Amino acid sequence: MNDMLIRLYAMPAQPEAQLRAPDLVVRKPIGCEHEQIVAWVEEQFGAGWASEARVALQNRPVSLLVAVQCGQPIGFVCYDATARGYVGPIGVQASARGTGIGAALLRDALAEMRTVGYGYAIAGAVGAVEFFRGVAGATEIIDSTPGLYAGRVQERH
Ligand SMILES: CC(C)(COP(=O)(O)OP(=O)(O)OC[C@H]1O[C@@H](n2cnc3c(N)ncnc32)[C@H](O)[C@@H]1OP(=O)(O)O)[C@@H](O)C(=O)NCCC(=O)NCCS
């Protein structure tokens with residue numbers, strides 16, 4: 001899986017929230033939610049992404065956005081978590097996929113990266129290539145496998 005490059009300066013203006021259900025909010029978590037969010041990420045997506053969520057929650061400003069519906073997290077995205085300038089991980093609960101939540105999370109995270117001063121974002125080891133291409137115009141970075149992940153400490157199972 002190669003990395004992908006996203007030109008933040010060329011991102012189209014955000015098509016505002018019409019994709020989102022009325023009871024769905026994408027926002028920064030507040031302090032009392034951090035541990036529940038990390039636990040949810042671990043349960044849904046495993047220890048590696050939970051580790052990255054912890055990094056993003058420790059950053060100031062916090063670089064994690066969560067999608068909340070009916071008081072429960074249903075999606076999340078991080079930036080500056082794998083490494084500075086990287087966007088991801090991103091995940092939406094399986095039962096809520098395909099309804100625009102992932103796109104809303106990704107667009108909001110990229111808009112924030114642009115606001116804090118980045119010109120480009122890198123999505124690391126992308127599995128969902130068409131998602132990143134379609135939502136953010138991402139292009140594949142050739143010869144970027146294993147890239148930054150070379151020699152990483154493996155998760156125990
Ligand atoms: C990838 C993911 C975050 C997308 O979230 P989502 O809420 O289902 O995405 P959306 O509904 O906003 O879809 C936006 C567009 O991307 C497309 N898309 C969504 N997931 C896709 C995938 N896995 N592969 C290719 N295209 C995808 C949708 O068809 C949609 O296209 P359209 O605008 O032409 O209709 C979600 O599928 C997920 O959590 N997957 C498991 C974790 C994962 O793989 N994360 C990314 C690692 S690189």
If a residue must be of a type in the set (A, V, I, L, M, F, W, C), in a helix (DSSP H, G or I) and closer than 24 Å to residue 42 by Cβ, how many such residues does segment 114-157 contain? 3
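In segment 42-80, which residue that is of a type in the set (Ser, Thr, Tyr) and in contact (Cβ under 8 Å) with a residue 24 or more places away in the chain is nearest to residue 24 (Cα to Cα)?
Result: 63.
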Given (1) more than 8 Å from the ligand (Cβ to nearest atom); (2) open to solvent by less than 70 Å² (accessible area, probe 1.4 Å); (3) not aliphatic (A, V, I, L, M), where does residue 127 come up short, assuming only one miss? (1)
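Only one residue in 148, 106 is under 20 Å from residue 56 (Cβ atoms), aliphatic (A, V, I, L, M) and touching a Ser or Thr at 6+ places or on another chain (Cβ under 8 Å). Which one?
148
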Could you tell me which residue of segment 93-120 is least open to solvent (accessible area, probe 1.4 Å), considering only residues that are over 18 Å from residue 27 (Cβ atoms) and within 13 Å of the ligand (Cβ to nearest atom)? 94
Cβ contacts < 6 Å: first residue on the phi > 0 side of the Ramachandran plot, restricted to segment 110-131; second residue within 16 Å of the ligand (Cβ to nearest atom) and not in a helix (DSSP H, G or I), any location; separation 6+ or different chain. Result? 125/1
Identify, please: which residue in segment 78-92 is in a loop (DSSP other than H, G, I, E, B) and in contact with a strand residue (DSSP E or B) (Cβ under 9 Å, 6 or more places away or on another chain) and is, among those, nearest to the ligand (Cβ to nearest atom)? 82
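The values are calculated or read from the model by the stated rules, or taken from the named source; none is laboratory data. No experiment lies behind these values; they were computed from the predicted model shown. Positions of Cβ are backbone-derived with ideal geometry, glycine not excepted, and every protein chain shown enters the neighbour counts. Surface areas here come from the heavy atoms of the whole protein model, side chains and all, with no ligands, DNA or RNA. Shrake-Rupley method; radii C 1.70, N 1.55, O 1.52, S 1.80 Å.
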